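See structure below.
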Amino acid sequence: MHDMKNMDEHHHDEPMEDSEISSWKKKMKWSWILAIPIAIIMLSERIFGFMILPEAYSSWILLAMAFPVVFIFGWETIKGGTRGFVSLYFNMDSLIALGTIIAWLTGIFSQFGIVADYSGVAAMIMAFFITGKYVEAIARGRASQEIKKLLELGAKNARVLKGKEEIEIPISEIKIGDVMIVKPGEKIPTDGIVVKGFSSVDESMITGESLPTDKNVKDSVIGATINQDGILYVKATKVGRDTFLAHIIDLVENAQGTKVPIQELADKITGIFVPTILIISIIVFMNWFYFTSDLSRSLGIAISVLVIACPCALGLATPTALMVGSGMGAKRGILIRKGEAIQTMKEIKIVMFDKTGTITKGKPEVRKIKTAKSVKENYLLEIAASIEKNSEHPIARAIVEKANLKKYKEVTGFKILRGKGVEGYIGKKMVLIGNPLLMKERKISLKEFEETVESFENSGCTTMIVSYGNEVLGIIGVADAIKEDSLAAISMLQVQGYRTMMITGDNERTARTIAKEAGISEVIANVLPEDKAKKVEEMQKEGMVAFVGDGINDAPALKQSNVGIAMGSGTDIAIESGDIVLVKGSLVGVVQAINLSKKTFGKIKQNLFWAFAYNTIAIPLAVAGLLHPVIAEIAMALSSITVVTNANLLRRARI
Amino acid sequence: MKKIKLKIEGMHCASCASNIERSLKKTPGIKSATVSLMTKKGFVEAEDSVKDEELQKAVSRTGYKLTGIERE
């Protein structure tokens with residue numbers, strides 16, 4: 001499925017930021033070794049009038065000292081920047097390159113008295129530029145620290161059972177079906193199923209769930225989680241790029257490839273920023289020269305304009321905040337798939353919850369059974385379980401589990417009637433299992449059971465009526481308990497002013513009972529799975545809707561809603577749908593996701609404000625000739641550092 | 001239509017990312033392109049006919065290095 005080509009093997013596994021940081025650091029050190037003496041010489045000569053160097057050679061020496069700073073330590077900037085003038089793809093290096101080259105050249109022309117000497121200034125600009133980039137690279141690295149941690153989370157080696165021998169192999173050599181031995185305190189190498197042993201596993205690094213989870217034979221475990229106390233034998237089910245961890249990393253990374261609509265304007269400006277500044281600086285130079293005839297001053301101002309302008313503050317405002325926000329989310333099991341979701345989130349008025357598996361545990365149990373006169377409970381269950389064994393539906397599984405049969409009756413012609421029930425034949429007679437609606441459709445009389453149905457439903461049970469050869473054998477009441485924290489999470493949303501609703505295929509009475517337990521008063525019941533999206537659409541007329549549901553059955557509704565929040569079950573995530581994916585199945589994640597989105601978006605707005613403010617104030621100041629080129633460069637470096645640092649401050653927000 | 005992920009080296013500023021985006025979008029067959037400075041990755045939606053060499057060219061003409069192509 002995936003096919004990764006590495007044209008440059010050598011750089012593959014090295015964390016990118018680190019190599020970037022260390023290269024800027026080296027350049028920074030060297031450039032200051034020369035730039036500091038240059039600064040001392042310049043300051044003492046020009047401000048205090050004290051000549052450190054013999055006057056005749058002073059400017060030549062400065063020119064020579066500035067050369068390596070600009071052209072050796074700043075070589076990549078000069079190279080990258082000047083290439084822009086050939087390819088017409090200008091980046092901010094183009095501004096710095098042009099500014100420093102012109103400034104340095106004045107050192108030569110000054111020998112002939114044509115212009116003042118800015119060569120020392122060139123070195124200072126380059127040194128500050130490099131320093132700024134170094135600090136910014138560190139801050140950017142910090143912004144993605146959670147993601148980097150995820151990348152490093154995977155185990156390196158695995159102990160695998162080969163025959164009767166234990167051998168240690170690198171993680172990349174594990175194959176599906178291999179049995180791994182995981183000792184207490186060790187990382188589970190890759191996703192799998194426990195085949196032997198019992199232990200509790202710390203899954204907090206993946207799901208954000210702080211309590212360890214008990215794992216028994218047949219339970220699924222996630223790679224990179226930590227085995228706590230027992231020895232586990234785990235059969236590998238997923239390896240490499242298909243593992244849960246790999247999916248999470250993919251998801252978080254891909255989110256960076258999506259855009260938050262608010263950044264559109266900033267992006268547009270970033271795209272034309274550099275060429276625009278180049279043109280402005282030429283105009284500024286010509287204007288100043290025309291009106292003042294002062295070549296030195298005009299050049300100085302033009303250089304200030306070149307180096308003060310920085311597209312980075314604008315361009316980094318959104319992605320850095322999004323990065324920090326999605327990193328914070330990933331740590332808590334909240335995966336932001338689309339940047340757009342965090343902007344839309346603040347407009348959300350209605351939060352719609354699917355019932356099964358979202359508000360409830362999604363593991364229904366048989367609670368009540370009522371048989372027809374002369375029918376034994378065991379017989380009813382035997383017929384029902386034999387049929388339901390063919391279905392994967394949670395209710396079907398609950399019935400099969402309850403019956404706990406050793407031998408099933410032979411079933412033919414099994415059919416699933418979506419949203420209604422199932423049918424099949426045992427012998428020559430047809431078995432129908434389903435809701436009252438289905439019975440009505442098939443004209444099967446429920447008369448004897450009407451009261452039972454009502455009382456089952458009032459207690460929150462879904463009623464499954466079992467009929468055999470057009471005769472009702474009995475009714476099975478199946479109930480799905482609500483998750484422990486559903487009530488708390490929903491009431492938190494209500495306190496925040498959200499309208500909460502529950503949508504379900506259950507009948508009105510059952511649905512109301514469950515909704516009441518969860519603290520929800522608005523219920524849309526009797527909705528067929530395929531109609532959920534339509535109901536969402538209807539509600540959207542009253543306000544923006546966030547839909548919370550499982551990513552598989554509710555995919556269309558998640559898509560239709562303004563923000564789709566897909567609930568994971570803990571071991572599987574529905575990657576294909578949902579704007580936000582919750583790894584852990586708790587509704588508290590919904591509250592956190594909403595808070596995180598709002599906080600992240602607030603930070604983006606703040607960042608964009610500062611970036612725009614900086615550019616609209618600083619550039620005119622430089623144009624007006626009020627800023628020395630070195631001050632201009634420092635201001636520029638600070639602007640992008642401020643934006644990235646501000647994004648990092650998002651971590652202080654309480655989610 | 002395919003989604004392609006690119007690994008790009010050498011970016012260090014916001015206009016770098018925006019240059020590569022622009023260059024990729026100009027390549028025939030590429031429907032959308034976004035480049036992230038934060039993850040040093042590019043995300044491209046392109047016709048199946050778009051070759052690795054064309055992606056390589058689009059990135060290198062802006063002065064950066066394409067070090068990995070991952071097709072879904």
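The values are calculated or read from the model by the stated rules, or taken from the named source; none is laboratory data. Note that this is a predicted model, so its numbers are computed, not measured. Counting neighbours? That spans all protein chains shown, and the Cβs are built from the backbone with ideal geometry, glycine included. Protein only, heavy atoms only, side chains kept; ligands, DNA and RNA dropped before computing areas. Shrake-Rupley method; radii C 1.70, N 1.55, O 1.52, S 1.80 Å.
Find out how many positive minus negative residues lie around A:LYS346, taking Lys and Arg as positive, Asp and Glu as negative, among other residues whose Cβ is under 13 Å from that of A:LYS346.
Surrounding charge for A:LYS346 is +3.
Which of the peptides A:139-152, A:55-68, A:93-106 is most tightly packed, and how do the rest follow, going by the mean number of other Cβ atoms within 10 Å of each residue?
A:93-106, A:139-152, A:55-68
Rounded to the nearest 20 debye, what is the charge dipole size of chain A about its Cα centre when +1 sits on each Lys and Arg Cβ and -1 on each Asp and Glu Cβ?
The dipole magnitude comes to about 1260 debye.
Apply the membrane-span-like helix rule to chain A: whole DSSP H runs, Cα extent along the own long axis of at least 27 Å, mean Kyte-Doolittle hydropathy at least -0.5. List the helices found. It would help to have the intermediate numbers written out before the result.
Working: long enough: A:16-46 (43 Å, 0.05); A:119-143 (36 Å, 0.87); A:264-292 (40 Å, 1.41); A:311-331 (31 Å, 0.87); A:588-623 (52 Å, 0.66); A:629-648 (29 Å, 1.19).
Membrane-span-like by this criterion, though nothing is claimed about a membrane: A:16-46, A:119-143, A:264-292, A:311-331, A:588-623, A:629-648.
Tell me the total accessible area that B and A bury against each other, 1.4 angstrom probe, in square angstrom rounded to 100. Could you put the intermediate results ahead of the total?
Working: alone 4410 and 31340 Å², together 32410 Å².
Buried area between the two chains comes out at roughly 3300 Å².
What are the equivalent ellipsoid semi-axes of the stretch A:418-471, built from the alpha-carbon gyration tensor (square roots of five times its eigenvalues), in whole angstrom, biggest first?
Semi-axes, largest first: 20, 12, 9 Å.
For A:LYS516, which lysines qualify as cross-link partners when the Cα separation must be under 22 Å and same-chain residues fewer than eight apart are set aside?
A:LYS349, A:LYS355, A:LYS361, A:LYS363, A:LYS368, A:LYS483, A:LYS532, A:LYS535
Mind checking which aspartates and glutamates have their C-alpha under 16 Å from A:LYS175, skipping anything on the same chain fewer than 8 residues away?
Filter leaves A:GLU166, A:ASP191, A:ASP242.
With every protein chain present, what is the per residue accessible area of the protein assembly as shown (1.4 Å probe, Å²)? Walk me through the intermediate numbers first.
Numbers: 32410 Å² over 727 residues.
With the other protein chains kept in place, the protein assembly as shown gives 45 Å² per residue.
Collect residues whose amide H, placed 1.01 Å from N in the peptide plane, falls under 5 Å from the amide H of A:GLU522; neighbours closer than 5 in sequence don't count.
Amide H neighbours of A:GLU522, under 5 Å, 5+ apart: A:MET502.
Would you tally the net charge around A:ALA97, using a Cβ to Cβ cut-off of less than 15 Å, leaving A:ALA97 out, and scoring K and R as +1, D and E as -1?
Details: positive: A:LYS27, A:LYS79, A:ARG83, A:LYS133; negative: A:GLU76, A:ASP93, A:GLU633.
Here the charged neighbours net out to +1.
Calculate what fraction, in whole %, of the accessible area of chain A sits on carbon and sulfur atoms when a 1.4 Å probe is rolled over the protein chains.
Working: 17220 of 29730 Å².
Of all accessible area on chain A, carbon and sulfur atoms account for 58 percent.
What average number of partner chain Cβ atoms lie no more than 10 Å from the Cβ of the residues making up B:37-49?
Working: counts 8, 17, 12, 5, 5, 1, 5, 1, 1, 0, 0, 0, 0.
Partner Cβ neighbours, averaged per residue: 4.
With a 1.4 Å probe and all protein chains in place, put A:ILE78, A:ILE171 in order of accessible area, largest first.
Largest accessible area first, the residues go A:ILE171, A:ILE78.
So, with +1 on the Cβ of K and R and -1 on the Cβ of D and E, and no other charges, what is the size of the charge dipole of the stretch A:373-441 about its Cα centre, to the nearest 20 debye?
On the way: 14 positive and 8 negative charges, 32 e Å.
The dipole magnitude comes to about 160 debye.
Report the Rg/Rh value for the protein assembly as shown, based on alpha-carbon coordinates and the Kirkwood definition of Rh.
1.11
What aspartates and glutamates could a cross-link reach from B:LYS31, if we take a straight Cα to Cα line under 13 Å and drop same-chain neighbours fewer than 8 places away?
Here the aspartates and glutamates satisfying the reach criterion relative to B:LYS31 are B:GLU21, B:GLU45, B:GLU47, B:ASP48.
Of all beta bridges DSSP finds with both residues in chain A, what is the antiparallel percent, to the nearest 5? Write down the numbers at each step before the final one.
On the way: 55 of 76 bridges.
Counting only bridges with both partners in chain A, antiparallel ones make up about 70 percent.
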